[in-house]
Amino acid sequence: MIALRGVFGPVISTFVPGSEDFDLVAFRSNVRAHLAAGLNGVVVCGSTGEAALLGEDERRAALDAARAETPAGKLVLMGVGAESTRLTTQRAADAALAGADAVLVVAPHYYSNAMTPAALRAHYLRVAEASTLPVVLYNIPKYMHFKLSPELVAELAQHANIVGIKDSSGDLELLGGYLQARSESFTVITGNGGQLATALAQGAQAGILALSLFAGRECAGVYAAHARGDDAAAAALQEPLKAVAATVVGEIGVPGVKAAMDAVGLRGGVVRGPLRDLDAAGVARVRDALVAGGIALA
């Protein structure tokens, strides 16, 4: 059984300025740096990775690169969510061939008014039955424009191949609902970097955090304090990170994360259109947020 514990980085997709071609050299450099900072693994093709803007060949190349850089004992999760169940299952099969350890599956959401509990249940069960890799549900209302209900999650958690949920809602009450489904075979993971210590204290067992891409050691430190039973220390370490996460990740988003990575000496670079890179004032705001949060600049 896969052990989803610790902090995982939802790695960015790195692009060449001008052409926006995928820069695998920079991508691999970042993966090595994230793991060296103490992260327990990486997630490829998540929301922070601009997954919605990538082609299928680019997705496969990114997974191959991440797998090659990730040693035994650390995990590679692959985002495979698609608007059709058919494409989701195909991506899950591709991820298995490329050596991923598990798949992260955001709910289909283009036809959001049709995503009834029955439709979502059927989708996830088909994916779980077809996938040879463990399936992690992914709740991100910011982009889905609806949420997975705790009742549906509790039902899906009974499936042997559905092993967890990542919740990026930032809603601690909703997270609490998901925690009711936690078991030895079903892990609840927070996707909110500003709430890591709180979520762990409530019973979450891991974090998949965009914040960790530019504050990896800090996030790993929060988790380590919790793991040794010192939730007070975890909360103290978390405190300066709350505003950083809220500003850079929650408010600015992918361009902010990339600017923050540049600021700490990693390979952030440009976003892919239609996203827009930050102007000078935006970059300065990101750098100010990092300094205020105690994160060292390069």
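Read the figures in this text as sums done on the coordinates, not as results from a lab. Source: prediction; values computed, not measured. In this analysis, Cβ positions are derived from the backbone assuming ideal geometry, glycine residues included, and neighbour counts consider all displayed protein chains.
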Inset, instruction - Could you pull out every residue, at least 5 positions away or on a different chain, whose amide H is within less than 5 Å of the one on D277? Hs are placed 1.01 Å off N in the peptide plane, and Pro or chain starts have none. - result: V271
Inset, instruction - About the Cα centre of the chain, how large is the charge dipole given +1 on each Lys and Arg Cβ and -1 on each Asp and Glu Cβ? Please answer in debye to the nearest 20. - result: 220 debye
Inset, instruction - Determine the sum of side-chain charges near V264: Lys and Arg each +1, Asp and Glu each -1, restricted to other residues whose C-beta is under 13 angstrom from that of V264. - result: +2
Legend entry - Approximate spin-label separation A52-A227, in nm, with each point projected 7 Å along Cα-to-Cβ: 3.4 nm
Legend entry - Convex hull volume of the range 6-241 per residue (C-alpha atoms, cubic angstrom): 120 Å³
Inset, instruction - Quickly estimate the mean residue ellipticity at 222 nm for the chain, helices only: each DSSP H run with n ≥ 4 gives -39500 (n - 2.57), and the total goes over all residues, rounded to 500. - result: -13000 deg cm²/dmol
Legend entry - Derived scalar couplings ³J(HN,Hα) [the range 243-250; Karplus, 6.51 cos²θ - 1.76 cosθ + 1.60; whole Hz; x for Gly, Pro]: 5, 4, 4, 5, 7, 6, 8, x
